[in-house]
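Please read the structure below before turning to the comments.
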Amino acid sequence: MGRLDGRTQRGQATVELALTLPVVILALLLVVQVGLVARSQVLVVHAAREGARAAAVGGSSSTVRAAAASSPGLDARHMRVDVDVDVGVAGGGIGGGALARVEVRYRAPTDVPLVGALLGEPELTAEVAMRVEDPPTGPG
């Protein structure tokens, strides 16, 4: 009877492993996909900062878009960059001048097998605003 019990226990462990292993693998793939989306969000914020910096030094809209799109790790085909320069309070000083706002929207691809199809492609957004710098004044 002891031998029969040993076989039953081994068989039960095999069945439990066969039932739980797919769930564990799916959970691990989901964690990897969430990590990749979080990485993409950090890169989108970086792209928005690059674009805002280009706008703050007086770059044109096309220059700002190119600066944001050149951010490493992101596919420019999935990116949309909106640029807005607001003129601030007249008179300059603190609170005055123009403010450049850059918004980057990025559709993050989900390439991890199984879970990518379940999640779809999330749209990540970042907006950064910087004060537009005054042009340098020459001697005189």
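Condition first: touching a Gly at 6+ places or on another chain (Cβ under 7 Å) and at pLDDT 85 or above. Now tell me which residues in segment 84-125 satisfy that.
Selection gives 99, 102, 104, 110.
Report, by residue number, each residue of segment 31-63 that is among the polar types (S, T, N, Q) and part of a helix (DSSP H, G or I). Lay out the reasoning, then the answer.
Looking only at segment 31-63, we keep the residues that are among the polar types (S, T, N, Q), and these are 33, 40-41, 60-63.
Scanning segment 31-63 gives 33, 40, 41, 61, 62, 63.
What pairs can you find where one residue is in segment 29-58 and free of Cβ contacts under 8 Å to residues at least 12 places away in the same chain, the other is assigned to a helix (DSSP H, G or I) and surrounded by fewer than 17 Cβ atoms within 10 Å (Cβ to Cβ), and their Cβ atoms are less than 9 Å apart, with a gap of 6+ or different chains?
From residues that are free of Cβ contacts under 8 Å to residues at least 12 places away in the same chain, the pairs are 34/119.
State which residue is farthest from residue 126 (Cα to Cα) when the search covers only segment 50-88 and only residues that are of a type in the set (Lys, Arg) and surrounded by fewer than 18 Cβ atoms within 10 Å (Cβ to Cβ). Outline the logic, then answer.
Looking only at segment 50-88, we keep the residues that are of a type in the set (Lys, Arg), and these are 53, 65, 77, 80.
Add one more test, that the residue is surrounded by fewer than 18 Cβ atoms within 10 Å (Cβ to Cβ), and what stays is 77, 80.
Working: 77: 17, 80: 11 Å.
Checked segment 50-88; the qualifying residue farthest from residue 126 (Cα to Cα) is 77.
Would you call residue 43 surrounded by 11 or more Cβ atoms within 10 Å (Cβ to Cβ), modelled with pLDDT under 95, under 17 Å from the mean Cα position of the chain (by Cα) and of a type outside the set (Phe, Trp, Tyr)?
Numbers: surrounded by 11 or more Cβ atoms within 10 Å (Cβ to Cβ): yes; modelled with pLDDT under 95: no; under 17 Å from the mean Cα position of the chain (by Cα): yes; of a type outside the set (Phe, Trp, Tyr): yes.
When the stated conditions are applied, residue 43 does not pass them.
The values are calculated or read from the model by the stated rules, or taken from the named source; none is laboratory data. As the structure is a computational prediction, the values presented were derived from the model and not from experiment. Every residue, glycine as well, gets a Cβ built from its backbone with ideal geometry; the counts of neighbours run over all protein chains shown.
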